[in-house]
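Below is the structure I would like to discuss, written out as structure tokens.
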Amino acid sequence: MRLIDRYICRQVFSHALLGLGIFSFVFFVPQLVRLMDLVVRHSSSWSTLGILFLCTLPGILSFTLPMGVLVGVLIALGRMSADSELIAMSALGLGRRRLLVPIGILAAGATLITFCMTLWLGPLSVRTFRVLEDHLRTGQASFQVAPRVFDERFPRFVLYVNDIDSTATRWKGVFLAGTDAKDVSRLTLAEEAIVIADRNEGKLELHLRNGSTHEFSLHEPGNYSLSAFAERDLPVEARGLDAGPASEPSVPGRTLRTLLRERGAGARDASVEIQRRLSFPFACVSFALVAVPLGARPRRGGRAAGFLITLLLITGYYLMFTVGAGLARQGTLPVWAGIWSANALMAALGVLLLPRLERMPGSSRWNAAIASIAGWRVWKIFLREDLNSNTAGTRAGSTFTPNSSTEAWSPAESGRAPRFGPFSKRRGRGGIPQLLDIYLLRSFLYYFFLLTVGFILLFEVFTFFELLDDIAQHRTRLLEVLSYFIYLASYLFYQLAPLAALVAVLVTVGIMTKNNELVAFKAGGISLYRISVPLLMAGLMLGGALVVLDDTYLPYANQRQDALRNQIKGRPAQTYYQPRRQWIFGEHSKVYNYEFFDPDQQLFGNLNVFELDAATFEIKRRIYAARAHWDGQQSVWILESGWLRDFDHGQVSHYQPFLAYALKELNEPPSYFNREVRQSYQMTWWELKQYIGDLQQAGFDVARLSVQLQKKLSFPLIAPIIILLAIPFSILVGTRGAVGGLATGVGIAVVYWAASALTEAMGSVGQLPPLLAGWAPDTIFGFLGLYFFLKMPT
């Protein structure tokens, strides 16, 4: 009995661990960019960076541990049922309810681990991550200043730096405008500055050299103060660069004792959080109760059907949980009833199914219901035949020998012709290679579709869980919520399709290797390179489809989903045009500053124009106008009620007030100042390229956008590259079939997405050229894939 228990535990544990890894990785991918950005921008010890990575795991594991238990039980019992192992146990006199003992032990262990995550490690990790993040950002504030960018995050200052060295301690060409008073303009310029970050005070100490300070009042334009200096120290408040000093931790970061003492307006939210931390661990038990009778069903499909049932149960559970939590926060239901309703309903379903566990084989209606839940009839129609059961020709006792060039296979023994997948039917005109292509593509597309739908569904359920409170609070209509998730699905497909293709190839070729089908193909004179052709072509087609999608429909879909998300969140509609941007770098070293700009009337209010010396970064001329309007015929700005001052070696050399004045050098049109502010994923490749050129000319930081421009082509092309790498790895792990393919796929995906996030972050801060940052992961994985592909024993 103990041997059987250990065997069942090993089977469930291995599949549960694999499912836990897949689900955790899917939820961890969005955190990679944020973590890699911290790693690149802030210098710290390896131990601190390791703690930051570990702090992201408890929150993810509290969600994915119950999912791992569910998928482990369903797939393990489904595989044992398909291989008739459960029938053998019944023949030995062991009832199927005996399965509850080892599975119950595993579920209890997962419940205890989840308790540790929700009650202790989860809140601790949230607090630790926030403290370390604030500490890094405050201590390395100088690293967050980008060159040739007007940075308005500093309190009372606008900073522009022409160039920054690699250590971020020496700035060249400093432009610092004071914004502490509306009627007084203070401007400090310096040829260079030595920067010292004060971690404790949250300040930057600037040691300025060879500069000048300009002051004047808008009410007294004739009075102008100018003072030059050789050296000067200037402290600058740096807390505006981050989210601010750490205050009271958020609700997920509070300890259980703090939540129990909560009174007043936040008492209900605290009570919801307490019940959530207590109820999540028991989801492991509820899922185990449901998974045992469903997984032990004698059905065809094994792991695929188990994966489908897992997705349906996870979706139903978290949907019930989020609805109950929303009703509890609104006061419609008691807190305990709203939070525990999902566990109670899932456990009740499991208890209802347990009595049928022993008599399942005799219930035809029950078989039909389970087949419908698993969706197996749909997949059977799609496949037209079971891919895993039609490989009898490659198993022991059914060998094949080549006959001739016209007859590809003939049985070595007399008797009926063996069934070998699609080759059991008439070959048709195309012969074996064409049928082989259909066979591989059919299996690949099946797993690709299954994994893509599963990953998208998981992400959307998780997103719905996050947005449910906002949906209820702002009373968002159901149609708008559905529209948001429809548009979100296209973005998720673009992001997750390469991962699904990777795992689909690993599973497809891994199963063929395990069933010795590749050996049979090679014995018939078909090399592995020829077998790989349809998969590589599918990868190229997928990459091309992603490029087309990103350049046609996806930008529109991303704009719509952002607008709908703002509506769900209760934010105002997004304004893509920001004509009130107050600092813009013009042509020929000119800087424009204004308080008001009307793009419709082509009118400026309180306009300042600074003409700088590109070599010394000194002001050569300063122009002020209370109003300025555009003359389209002469293509110049007409300045009204202002003055002009020329400077020479730190002194005013010329002063001229005017009522109306036209300067030919001020020839930037109104469209130059009316720039559309959009994210990279909301634009096509050509739109983003033009947008980068416009921003770069105006003096804005375009490093991140330049990397995203390269990623628009490099990311879709990872699909054929990663398939090229997956083919030899799937042969290496082929003895483990689908399980080995899934595990290898997760490992490769972790390495690729981590490398991609790291190079993207390095390119965004200027440590790598945009071309190298965007294409480095594809290049590295392409060389590795080509090397292992050519080393295959074909």
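GLN679 passes all but one of (1) open to solvent by 30 Å² or more (accessible area, probe 1.4 Å); (2) in contact with a strand residue (DSSP E or B) (Cβ under 6 Å, 6 or more places away or on another chain); (3) over 30 Å from ASN210 (Cα atoms); which number fails?
Failed condition: (2).
Can you run down the residue pairs with Cβ atoms below 9 Å, 6 or more apart or on separate chains, where the first is in the range 188-216 and on the phi > 0 side of the Ramachandran plot and the partner is modelled with pLDDT under 85 and of a type in the set (S, T, N, Q)?
Matching pairs, first to second residue: GLY202/THR138; ASN210/THR616.
A further question follows. When you go through PRO777, PRO793, PRO770 one by one, which is the residue that is more than 25 Å from VAL149 (Cβ to Cβ) and modelled with pLDDT of 85 or more?
Numbers: PRO793 fails: modelled with pLDDT of 85 or more; PRO770 fails: more than 25 Å from VAL149 (Cβ to Cβ).
Selected residue: PRO777, the only one of PRO777, PRO793, PRO770 that is more than 25 Å from VAL149 (Cβ to Cβ) and modelled with pLDDT of 85 or more.
Just to confirm my filter: which strands (runs of 3 or more DSSP E) fall fully inside the range 135-240 and include at least 3 residues that are open to solvent by 60 Å² or more (accessible area, probe 1.4 Å) and at pLDDT 85 or above?
Of the strands (runs of 3 or more DSSP E) lying wholly inside the range 135-240, those with at least 3 residues that are open to solvent by 60 Å² or more (accessible area, probe 1.4 Å) and at pLDDT 85 or above span 224-237.
Further question on the same structure: Among the residues of the range 478-503 satisfying the criterion of being touching a Phe, Trp or Tyr at 6+ places or on another chain (Cβ under 8 Å) and not aliphatic (A, V, I, L, M), which is most open to solvent (accessible area, probe 1.4 Å)?
TYR491
Checking LEU666 against (1) open to solvent by 20 Å² or more (accessible area, probe 1.4 Å); (2) more than 24 Å from ASP550 (Cα to Cα); (3) modelled with pLDDT of 85 or more: exactly one of these is not met. Which one?
For LEU666, the exception is condition (1).
For the range 312-336, give me each residue that is surrounded by fewer than 17 Cβ atoms within 10 Å (Cβ to Cβ), of a type in the set (Gly, Ala, Ser) and in a helix (DSSP H, G or I).
Result: GLY316, single match.
Same structure again: Mind checking which pairs have a first residue in the range 345-356 that is within 18 Å of SER279 (Cβ to Cβ) and a second that is hydrophobic (A, V, I, L, M, F, W, C) and modelled with pLDDT under 85, Cβ under 7 Å, 6 or more apart or different chains?
Matching pairs, first to second residue: LEU345/MET320.
Please work out if TYR592 is part of a strand (DSSP E or B) and open to solvent by less than 20 Å² (accessible area, probe 1.4 Å).
Taking the combined requirement at face value, the residue satisfies it.
Any residue that is surrounded by fewer than 22 Cβ atoms within 10 Å (Cβ to Cβ) and small (Gly, Ala, Ser) - is there at least one of those in the range 66-73?
Within the range 66-73, not a single residue is surrounded by fewer than 22 Cβ atoms within 10 Å (Cβ to Cβ) and small (Gly, Ala, Ser).
State all residues of the range 254-285 that are under 29 Å from the mean Cα position of the chain (by Cα), charged (D, E, K, R) and buried (at least 17 other Cβ atoms within 10 Å of the Cβ); if no residue qualifies, say none.
Those that are under 29 Å from the mean Cα position of the chain (by Cα), charged (D, E, K, R) and buried (at least 17 other Cβ atoms within 10 Å of the Cβ): ARG254, GLU273, ARG276, ARG277.
Between LEU441, LEU506, LEU467, which is out of contact with any Lys or Arg (no Cβ under 6 Å at 6 or more places or on another chain), surrounded by fewer than 21 Cβ atoms within 10 Å (Cβ to Cβ) and at pLDDT below 85?
Answer to the selection: LEU467.
What is the number of the single condition among (1) small (Gly, Ala, Ser); (2) at pLDDT 85 or above; (3) open to solvent by 50 Å² or more (accessible area, probe 1.4 Å) that GLY782 does not meet?
Status for GLY782: all satisfied but (3).
Does GLY306 satisfy being at pLDDT below 80, open to solvent by less than 10 Å² (accessible area, probe 1.4 Å) and assigned to a helix (DSSP H, G or I)?
Answer is yes for this residue.
Table: residues versus (1) modelled with pLDDT of 85 or more; (2) under 26 Å from PRO123 (Cβ atoms).
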residue	(1), (2)
GLY19	no, yes
PHE25	no, yes
PHE28	no, yes
ARG34	no, yes
CYS55	yes, yes
ILE75	no, no
GLY95	no, no
GLY104	yes, no
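Looking at the range 696-736, which of its residues are at pLDDT 75 or above and more than 25 Å from the chain's Cα centre (by Cα)?
Answer for the range 696-736, where residues must be at pLDDT 75 or above and more than 25 Å from the chain's Cα centre (by Cα): ILE727, PRO728, PHE729, SER730, ILE731.
Further, regarding this structure: Kindly establish whether LEU546 is touching a residue at least 60 places away in the same chain (Cβ under 8 Å), of a type in the set (A, V, I, L, M), open to solvent by less than 30 Å² (accessible area, probe 1.4 Å) and assigned to a helix (DSSP H, G or I).
Working: touching a residue at least 60 places away in the same chain (Cβ under 8 Å): yes; of a type in the set (A, V, I, L, M): yes; open to solvent by less than 30 Å² (accessible area, probe 1.4 Å): yes; assigned to a helix (DSSP H, G or I): yes.
Considered against the rule, which asks whether it is touching a residue at least 60 places away in the same chain (Cβ under 8 Å), of a type in the set (A, V, I, L, M), open to solvent by less than 30 Å² (accessible area, probe 1.4 Å) and assigned to a helix (DSSP H, G or I), LEU546 comes out as yes.
Limited to the range 610-664, what total is found for residues that are in a strand (DSSP E or B), within 49 Å of the chain's Cα centre (by Cα), under 23 Å from TYR160 (Cβ atoms) and of a type in the set (Asp, Glu)?
Total meeting the criteria: 1.
The values are calculated or read from the model by the stated rules, or taken from the named source; none is laboratory data. Predicted model only: the values in this text are computed from it and were never measured. Glycine gets a Cβ as well: all are built from the backbone with ideal geometry, and neighbour counts include every protein chain shown. For the accessible areas, the whole protein counts, side chains as well, though only heavy atoms, and no ligand, DNA or RNA atoms are used. Shrake-Rupley method; radii C 1.70, N 1.55, O 1.52, S 1.80 Å.
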